[in-house]
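Here is the structure we will look at, set down as structure tokens.
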Amino acid sequence: MQVVAGALLLGLAVGCSPQTEMTVQQQIEQRLQLNERRYDALRQLDDQELARLLWEAEQQNYYWALETLAFDSKPYEIEYAQPRMHRLGDYASIESMTDAYLGSLLVSTQSSSRACFRSSNGQGLSLHEGFSLPLAHRLRLQSVQLESGELLQVADEDSSQQETADIIRMRDGYCFTKPREENAPRAVSATAEFYAQLPQDVIELELTAANIGQPVEQNGYVVTLLELNNYSYAIEIESTDGEPTGLREDEVIGEAITASGQYIQRRVTGRQRGDRQPRMSELLGQLISKAADGELSVKDAQAELETFNQSIEQNEGASLYNAYAFHGPVETAKVTLLAGEHQRREVKQTIELPVYSFTSPSAAEQVNLTSLPQLPLTPPVYNHRKEVRAEYSDLDAAAMSQQIEIRQRRISQASDPSITYPAQVFFHYPVVQSDLFIPIFERYNKPNAGDVHFFAASGERVEVVEADDDGADSLPFSFMVSRIEYDPARFAVTPTRLKATIPVLTAPGIVKDSYQKDQLPAGLSLNGNQLIIDYAEFTPREVADMNERMVERRNQVFTRDEHGYLAEIATLTLPRRDGEPVDVYYFHGEPNTVEIWYRGETETVPFTVDIELAQPD
């Protein structure tokens, strides 16, 4: 029994063949059981200081083991992302990108903020950024000045304090501590502090399986792809002079690209290097066994752990190790170093920001354009909405067969007994321009039951009896939004193949009316970065119904300069009591062209599905 107990504490799989293949879940369960056994053993020690020391080390190692297993597991869902440094392509340098970011900052008042309803009936302030700066930085609102000259202080983010006498700092904005009267002095400006250390160089590398184990040298750094798995990869970074790299964790950006060129959302960052975690687990098993036998002191345990850590650090030298896991299959590892041979350039500024109100007024007989906010011109910020930058207006049947991504998922009924259809087939529509007009809830029409067929392994069709209207759940499958769900257990024969025809709503003929700044039609006026559309004078080709649940604006309106589409700052509407409204848009930069996009004629295209169905592991 002593041998068995010692083996269990060491983490050895007693009674299991080393050739036994275990699932990730089984490995997690095994490590949890080991963690619990070690906890029980440490609870029985008389030396509580020793027990705490070993338990803290065991807990840290346990969570590293879970992280390691998470790296090797298949993601629950594929998720895509934009490249981290995509904004840098809009500007000549990191400095000009940072200047554009600072120029895009402003503060706006809020009258119906959900976060502020409890404290001030929805009243507060929002700090607007033209884009998310892809560099480590700090931006802090410090104070707000009223038109009366009174200064309202904002709590320092370095302290645990969340509020001052006047302002509560929230996660997504700032709330007044109490409702403000309609005739109270307005906020007119705010003071903020910005701090960043700008890198002097951006090094970008794309590594594939062919690069595994092959050092790649660039600008004083050597990057080696250590491993490239289905959903993760690991890298090592060294300096060419053998000294520490000097890189901070946030200055190494790990991204992943699929075979089709899409970037994947990162899932997990950080994993113990090489065999560090299992070696530490083995050492802990030995130390806990010695402690149980009364053969270990706190001093000896500390020395053993310190010796282990020193040997690890010595073996790893001055290199930097990083590992990343993703929400999808990795074809290419994209590694970006925000680095440089020279010292980082420190930028620290106290900036004065204007405060604007973009709240739409109540309906009136006549609109008052003179009361509109007037914003100064700022450096351009470009529109990076995926729909605007999409390559296609929409897809035809041939393109659908190539570009609609089909994903399958099984949900364990043990984890969710209430689920009706544990097997799901998703139809992921690529981003296209028509997404501006067709929400996902309207993209796919529900197919007729007779257009969905399941087949057995023999190739014979598995018959399905169509249910009455009041008994839809009696069908072994269903269509929801963009997926077919089914329950394999409710078929007479387990289906292995699915064939279906699904109607897809498309808008292949999007119309884009373009107007130069000096040739605008009646009802449109462009003043600096402000665009006004008066629908009493301007008649568009189409107007969306603002009363519909998914509709947010009457028309899809864009502006451009000579380099591309400009990002919006804000929009507001001036309603007329008995007439057409006026819509007002503000943009980052100075537009020279206005475009209005219309959905045009729609077309329903049959999408044919013919796939092998995933079977349980």
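For the pair E387 and E77, what calculated FRET efficiency results from E = 1/(1 + (r/R0)^6), where r is the Cβ-Cβ distance and R0 = 22 Å, to the nearest 0.05? Intermediate values should be presented prior to the final figure.
Values: r = 21 Å, r/R0 = 0.96.
Result of the calculation: an efficiency of 0.55.
Shown here is the pair-distance distribution of the chain: with all Cα-Cα distances grouped in 20 Å bins from zero up to the longest one, the shares run 14, 36, 38, 11, 1 percent.
Roughly how many Å² of H86 are accessible to a 1.4 Å probe, to the nearest 10? H86 has an accessible surface of roughly 60 Å² with all protein chains in place. With every protein chain in place and a 1.4 angstrom probe, the accessible-area ranking of S111, S189, largest first, reads S111, S189. Computed over the stretch 358-512, the P(r) curve from all C-alpha pair distances, binned at 10 Å from the origin, holds 8, 27, 24, 18, 11, 8, 4, 0 percent per bin.
Hey, what did the chain get for relative contact order, percent, Cα under 8 Å, at least 6 apart? It would help to have the intermediate numbers written out before the result.
Numbers: 1149 pairs, mean separation 84.4, N = 617.
Over the chain, the number comes to 14 percent.
Compare the peptides 490-501, 543-554 by average per-residue count of other Cβ atoms within 10 angstrom and give them in order, highest first.
Working: 490-501: 16.1, 543-554: 10.8.
Those peptides, ordered most packed to least, come out 490-501, 543-554.
Only protein heavy atoms count here; under a 1.4 Å probe, M280 has an accessible surface of about 30 Å².
Using the scaling law 2.2 N^0.38 Å as the reference, what is the normalised Cα Rg of the stretch 271-311? Display every interim value, and only then the final one.
Values: Rg = 11.0 Å, N = 41, 2.2 N^0.38 = 9.0 Å.
Dividing the Cα radius of gyration by 2.2 N^0.38 Å gives 1.22.
In µm²/s, what is D for the stretch 373-413 at 10 °C and 1.306 mPa s, where D = kT/(6 pi eta Rh) by Stokes-Einstein and Rh is the Kirkwood radius from Cα pairs?
Numbers: Rh = 15.1 Å.
It diffuses with D of about 105 µm²/s by this estimate.
Taken one residue at a time, the phi angles of the stretch 606-616 give Karplus couplings (6.51, -1.76, 1.60, θ = phi - 60°) of x, 9, 9, 10, 8, 9, 7, 7, 5, 10, x Hz. Gly and Pro are set to x. A 1.4 Å probe, protein heavy atoms only, puts the accessible area of E612 near 120 Å².
Here the simple spin-label model places points 7 Å from the Cα toward Cβ, and for Y515 and Q402 these points are separated by 3.8 nm. Counting Lys and Arg as +1 and Asp and Glu as -1 over every other residue whose Cβ lies under 15 Å from the Cβ of E603, the net charge comes to -2. In the context of the full set of protein chains, residues of the chain present 53 Å² of accessible surface per residue (probe radius 1.4 Å, heavy atoms only).
Using only alpha-carbon positions in the stretch 124-171, the gyration tensor eigenvalues give semi-axes of 22, 15, 9 Å once each is multiplied by 5 and square-rooted (largest first). Each label was represented as a point 7 Å from its Cα along the Cα-to-Cβ direction; for S458 and V481 these points are 3.8 nm apart. Pair-distance distribution of the stretch 313-413: all C-alpha pairs, bin width 10 Å, starting at 0; shares per bin in whole percent are 7, 14, 22, 20, 23, 12, 2, 1.
Rounded to two decimals, what ratio of Rg to Rh does the stretch 219-313 give with C-alpha atoms and a Kirkwood Rh?
Numbers: Rg = 19.0 Å, Rh = 16.9 Å.
Taking Rg over the Kirkwood Rh, I get 1.12.
Taking 1 over the mean of 1/r across every pair of different Cα atoms in the stretch 479-557, what Kirkwood radius in Å do you get? One over the average 1/r among Cα pairs gives 17.8 Å for the stretch 479-557.
Could you order L369, L45 so the one with the most accessible surface comes first? Probe is 1.4 Å. Don't skip to the end; give the middle numbers.
On the way: L369 75, L45 20 Å².
Largest to smallest exposure gives the sequence L369, L45.
When I419, I28 are compared by accessible area at a 1.4 angstrom probe, the order from most to least is I28, I419. If we count every other residue with Cβ under 12 angstrom of V504's Cβ, Lys/Arg +1 and Asp/Glu -1, where does the sum land? Net charge in that neighbourhood comes out at -2. The length gained by stretching the chain between R118 and N183 to full extension, at 0.36 nm per residue less their Cα-Cα distance, is 21.3 nm.
Considering all alpha-carbon pairs of the stretch 527-577, what whole percent are spaced by more than 17 angstrom? Percent of Cα pairs beyond 17 Å in the stretch 527-577: 48. Each label was represented as a point 7 Å from its Cα along the Cα-to-Cβ direction; for Q197 and S160 these points are 2.8 nm apart.
Calculate for the chain the 222 nm mean residue ellipticity that helices alone would give, adding -39,500 (n - 2.57) per DSSP H run of length 4 or more and normalising by residue count, nearest 500 deg cm²/dmol.
On the way: 10 runs with 119 residues, N = 617.
Result for the chain, helices only: -6000 deg cm²/dmol.
Taking only C-alpha pairs under 8 Å that are 6+ residues apart, what is the relative contact order of the stretch 511-598 in percent?
Computed value for the stretch 511-598: 40 percent relative contact order.
Spatially close Lys pairs in the chain, defined by Cα atoms under 29 Å apart and a spacing of eight or more places or different chains, total 9. With both residues required to sit in the chain, DSSP beta bridges show an antiparallel share near 95%. Once the chain from N309 to A522 is taken as fully extended at 0.36 nm per residue, the excess over their C-alpha distance is 69.2 nm. For the stretch 511-598, the Stokes-Einstein estimate of translational diffusion at 10 °C and a viscosity of 1.306 mPa s comes to 118 µm²/s, using the Kirkwood hydrodynamic radius over alpha-carbon pairs.
Could you state the orientation-averaged shadow area of the convex hull built on the Cα atoms of the stretch 354-437, in nm² to one decimal?
Values: hull surface 51.3 nm².
Result: a mean projected hull area of 12.8 nm².
The values are calculated or read from the model by the stated rules, or taken from the named source; none is laboratory data. Since the model is a prediction, treat every value here as computed from it, not as a measurement. Virtual Cβ from ideal backbone geometry, glycine too; neighbours counted across all protein chains shown. Accessible surface is based on the protein model in full, side chains and every heavy atom, while ligands, DNA and RNA are left aside. Shrake-Rupley method; radii C 1.70, N 1.55, O 1.52, S 1.80 Å.
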